[in-house]
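Worksheet: the structure to be examined is printed underneath.
Just so it is clear, none of the values below were taken in a lab; they were calculated from the coordinates. Note that this is a predicted model, so its numbers are computed, not measured. Cβ sites come from the backbone with ideal geometry, for glycine too, and all protein chains shown count toward neighbours.
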Amino acid sequence: KVPPMFKLLFVSAALAAMTPVASAASNNDSPAELLVSDAASQISHAERERIADSVLEHMDVNAIARFTLGRHGRAMSETDKARFASAFENFLRRQIEMNASEFIGVQIKVTKTVERNARDAVVTTQVEGNGSPITLRWRVIERGGKWSVVDLEFAGLWLAIEQRAQVSAILDRPG
């Protein structure tokens, strides 16, 4: 079980990845790298009140919410799934808003991209600025011609997978 303090650090690290990028995108960048670079650039220029909107704009929150529900989602109505996705987005928004100010001035450098296939990649970034540099990996996919972030990994834990385990533990409880 992940201690609550580590969960906060994990969410905070994810936010750190979504702030200023250290280097400009080049013409040779993959669509996945461009998404990560563009997201960080847009977020770095957002007003404090709009940072959560800027972060969430680059994420496929509905896909993450569906993944988070896991097997429990199969038994839910479309209305309940939509309600969960809305609540999940509100949860992410609150987490972003609570932690955003701690990451002003960090820089991100794309260090590697592993293309799993033509529509699925993991972009590795180095985040520097507040303390020791950290490595953050972004899982990005393309659906319907649009690339979006579907997961973030820090210290060996993937955000969507961690949320899925927590939601499943809650839904598996009797009553």
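General remarks:
- Anchor K81: aspartates and glutamates whose Cα lies under 18 Å away (excluding residues fewer than 8 positions away in-chain): D60, E89, D172
- Count Lys and Arg as plus one, Asp and Glu as minus one, and take only other residues whose Cβ is under 13 Å from that of T111; the net charge is then 0.
- All-pairs Cα distance distribution in segment 113-152, expressed in whole percent, bin size 10 Å: 30, 44, 20, 6
- Rg to Rh quotient for segment 95-175, alpha carbon positions, Kirkwood Rh: 1.05
- Scattering profile of segment 39-175 at q = 0.10, 0.13, 0.18 Å⁻¹ [log10 I(q)/I(0), Debye over alpha-carbon scatterers]: -0.37, -0.63, -1.17
- Point-to-point label distance, D53-A82, nm (Cα→Cβ direction, 7 Å offset): 2.3
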